[in-house]
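Presented below is the structure to which this report refers.
Every read-out reported here was derived from the displayed coordinates using simple, explicitly stated rules and does not represent laboratory data. Predicted, not measured: the structure shown is a model, and the values here were computed from it. With ideal geometry, Cβ positions are generated from the backbone for all residues, glycine too; neighbour counts draw on all protein chains shown.
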Amino acid sequence: MFRDIRCVLFDLDGTLVDSALDLGLAADEMRVRRGLESLPSERYRSSAGSGARGMLGVAFGVTPEHPDFAALKQEFFANYERRLTQLTQPFAEVDQLLAKLQQRGLAWGVVTNKSRRFTAPLTASMALFASARTIVSGDTTPHAKPHPAPLQEAMRQVGVEPRHCLYVGDDERDMLAGRAARMATVAACYGYLGPDADPARWPADAAIDSPLQLLNLLDPA
């Protein structure tokens, strides 16, 4: 159990919201436009946490080193921007979890590698984010996770020290960032675990299989 936690920070995609369908369809539209066969949504899901790199890897088998990657990424971003709130929704139990945290007097916030271009309209479209004390995007600071800078900025905005803070995310880079920021970490194993992901090997202090399980790791109200 984590003691004396005053703020819980969360990753966004794969931890608080399920955006896999919008991300996958943004990439799949590119395939169809080129006369390629549409792929099932589940083909994209496990790579949703990797953003454009993951979606374009599934759709076209390209990596960031491919000469066409930069142009494909910009096309993907334009597609995604048009549809980023169409099918995205909070994971089951997230609303209840955030309400319970607030009932316990805990602050909460978001630290994501998603750029503000997408984070701002997405979070503005959902009422649950109105109570967030901070929302730090991938371009809020000069560095993205696994660098600790985004988490340090979130703590600065909330006014909390690392020993009173907990970070929850569904990727190893989230655990690495939390460790570098000297805060406790929890792996969200219900998120977008890639095909080679092994949360048991991540530097996490605990793991949960559903959002509400987090409450069992905190001091009772």
Query raised in the report: In whole percent, what relative contact order does segment 20-83 give with Cα contacts below 8 Å and a gap of six or more residues?
Result: 38
Report summary line: Diffing segment 190-206: the Karplus 3J(HN,Hα) column from phi (6.51, -1.76, 1.60, θ = phi - 60°), in whole Hz with x for Gly and Pro, holds 8, x, 8, 6, x, x, 9, 6, 9, x, 5, 9, 6, x, 9, 7, 6
Query raised in the report: Taking R0 as 25 Å, what's the FRET efficiency between Ala120 and Ala92 from their Cβ-Cβ distance, rounded to 0.05?
Result: 0.50
**Report entry** Distance from segment 120-178 to segment 1-72 (C-alpha centre basis), Å
**Finding:** 19
Query - Mean Cβ neighbour count within 10 Å, used as a protection proxy, ranking 172-178, 91-97 highest first - result: 172-178, 91-97
Query raised in the report: When the helices in the chain are scored as -39500 (n - 2.57) per DSSP H run of 4 or longer and the sum is shared across all residues, what 222 nm value do you end up with, to the nearest 500 deg cm²/dmol?
Result: -11000 deg cm²/dmol
**Report entry** Where only C-alpha atoms are counted, convex hull volume of the chain per residue in Å³
**Finding:** 114
Query raised in the report: For the pair Val62 and Ala130, what calculated FRET efficiency results from E = 1/(1 + (r/R0)^6), where r is the Cβ-Cβ distance and R0 = 35 Å, to the nearest 0.05?
Result: 0.35
Report task. Could I have the simple spin-label model distance between Gln102 and Gln157, label points 7 Å from Cα toward Cβ, reported in nm to one decimal? Result -> 1.7
**Report entry** Amide hydrogen neighbours beyond the local backbone of Trp108, cut-off 5 Å, H modeled
**Finding:** Val8, Arg133
